[in-house]
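Structure first, then comments.
The values are calculated or read from the model by the stated rules, or taken from the named source; none is laboratory data. This one's a predicted model, so the numbers in the text were calculated from it and none came from an experiment. Here Cβ is always computed from backbone atoms with ideal geometry, including for glycine, and neighbour counts include all displayed protein chains.
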Amino acid sequence: METRLAVRLTPRGGADRIDGWGEDAAGRPLLKVRVSAAPVEGEANAALEKLLARALGLPKSAVSVAAGQTARIKALAIQGLTLDEIRARLA
């Protein structure tokens, strides 16, 4: 089972943390996350994957950036959890 999760990533955010749920311009839900890593050579994406995997209690290999590698809004592919389970674990 794979779940797609929209994330708005802020690189060079000073700390690695999840800021909570929000909406994009079209009103679709997304998770707001910031990482201290710079958006250079995939460092910010790797930090995002590691942070979300740890927060969800999953191995790093279960979380990957599926789309938007160079964009601020990304689609993450999360293996093994439904959207409801993800929301519950991040609440």
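Before moving on, here are some points about what is shown:
- Within the stretch 55-75, residues that are free of Cβ contacts under 8 Å to residues at least 60 places away in the same chain reach partners that are of a type in the set (S, T, N, Q) with beta carbons closer than 7 Å, at six or more positions or on different chains, in the pairs Ala62/Gln79; Val65/Asn45; Gln69/Asn45.
- Unmet requirement for Leu9, which otherwise passes all of (1) in contact with a Pro (Cβ under 9 Å, 6 or more places away or on another chain); (2) in a helix (DSSP H, G or I): (2)
- Looking across the stretch 1-35, the residues that are touching a helix residue (DSSP H, G or I) at 6+ places or on another chain (Cβ under 7 Å) and free of Cβ contacts under 8 Å to residues at least 40 places away in the same chain come down to Pro11, Asp16, Val33, Val35.
- Check on Ile18, part of a helix (DSSP H, G or I), modelled with pLDDT of 95 or more, in contact with a strand residue (DSSP E or B) (Cβ under 9 Å, 6 or more places away or on another chain) and among the β-branched types (Val, Ile, Thr): no
- Test: residue in the stretch 38-48 that is closer than 15 Å to Leu90 by Cβ and either without any contact (Cβ under 8 Å) to a residue 60 or more places away in the chain or part of a strand (DSSP E or B) (or both): yes
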